[in-house]
Amino acid sequence: MKPILAISIGDYNGIGPEVVLKALASGDDLPFTPLVLGHPSILEFYGKLSAGNSNYYLAESVSRAKSGRVNVMAVDDLSGEEIKPGEITAKAGGLSMKAVEKGIELCQTGKAAALVTAPISKEAIHMAGYRVPGHTEFLAQKTQCKDYVMMLVSKTLRVGLASTHIPLQEVAKAVTKENIIKKLTIINHSLQTDYGIRQPQIAVLGLNPHAGDGGVIGNEETDIIFPAIKEAARLSIIAKGPFPADGFFGARSYEKYDAVLAMYHDQGLVPFKTIAFNAGVNFTAGLPIIRTSPDHGTAFAIAGQGKADSQSFQEALGLAFQLHQNKLITLTTPR
């Protein structure tokens, strides 16, 4: 029996359904059984617009899912007339989050091996009454996970974030010694257990330009980040830095490390997407379930036009399956 990967459809007015269908087009060749959480109307609508697989099977329960087919499970009522590519609606926001909730439930009960999430619209989910900054925080809340790290990963680069979806003016407050040690601990453990790296090496970026220039442009590096790195060493975590972010990425120094810890969202994601756009995957380290997603958003401007690139979603599916396989190896390897 192939493992079941739960796939939340994302905002159905964005490119999520299109990239899901395109990524699943190979059908029988997939090493897992896909279970799309959303509504059959969505697959029918976008199957006619794209070159993706529209040959789906309606599974009323996980036990009814068929291997070699694109299975779909309805999480809310929906008619084809309500699907409006490019528009931001509360209905689409609500369904996208109900799909995520169902995926979390399936993973927590062991009915699904992992959850792969298509992009949501933060504006649409707020219109639907959800008061969360994004996927990562919602997943942590629903799984009662206090310690987690949002990571973007590709074949050549892994970037974790010390702070995620917060205003830039609040970033400095989030840069504390305790938080950095916590993030380094989670990343180190994930690299060991999820990726099989026995002695990971992690690069840590500074907060200020030029990593503070010895206190001339800020003292977070000398007073907070460097002491956190020294404390992490006492916990057997190999971390180096803090490095100036511009020179670090410009010199491709990330190639020497297994992961990079950035201090805030854009400091890590701008260079990551420049280096690995359409090949990157969003991975939440530290969760009690496996969750991945593509590294792009809803792209409303091209929704429904058949132009969306599914490579990142394919990578997200592949990573979710690989992490599941690695977990099985970890559970069965004698200590």
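The values are calculated or read from the model by the stated rules, or taken from the named source; none is laboratory data. Predicted model, so just to flag it, every value in this text is computed and none were measured. A quick note on method: Cβ atoms are made from the backbone with ideal geometry, for glycine too, and the neighbour counts reach across all protein chains shown. Surface areas here come from the heavy atoms of the whole protein model, side chains and all, with no ligands, DNA or RNA. Shrake-Rupley method; radii C 1.70, N 1.55, O 1.52, S 1.80 Å.
Quick check on my filter: what residues within the range 58-99 are assigned to a strand (DSSP E or B) and surrounded by 15 or more Cβ atoms within 10 Å (Cβ to Cβ)? Hits for the range 58-99 are Val70, Asn71, Val72, Met73, Ala74.
Cβ-Cβ contacts under 8 Å between residues 6 or more apart (or on different chains), taken from a first residue in the range 317-335 that is under 16 Å from Ala112 (Cβ atoms) and of a type outside the set (Val, Ile, Thr) to a second residue that is surrounded by 15 or more Cβ atoms within 10 Å (Cβ to Cβ) and modelled with pLDDT under 80, are absent.
Counting only strands (runs of 3 or more DSSP E) that fall entirely inside the range 196-297 and contain at least 2 residues that are open to solvent by 50 Å² or more (accessible area, probe 1.4 Å), the qualifying elements are 238-243.
For Leu43, state whether it is more than 26 Å from Leu328 (Cβ to Cβ), in a helix (DSSP H, G or I) and modelled with pLDDT of 95 or more.
Considered against the rule, which asks whether it is more than 26 Å from Leu328 (Cβ to Cβ), in a helix (DSSP H, G or I) and modelled with pLDDT of 95 or more, Leu43 comes out as no.
Please verify whether the range 14-34 includes one or more residues that are in a loop (DSSP other than H, G, I, E, B), under 23 Å from Gly134 (Cα atoms) and not hydroxyl-bearing (Ser, Thr, Tyr). The answer is yes; a qualifying residue exists.
Would it be correct to say that Ile83 is among the hydrophobic types (A, V, I, L, M, F, W, C), in contact (Cβ under 8 Å) with a residue 24 or more places away in the chain and in contact with an Asp or Glu (Cβ under 8 Å, 6 or more places away or on another chain)? Considered against the rule, which asks whether it is among the hydrophobic types (A, V, I, L, M, F, W, C), in contact (Cβ under 8 Å) with a residue 24 or more places away in the chain and in contact with an Asp or Glu (Cβ under 8 Å, 6 or more places away or on another chain), Ile83 comes out as no.
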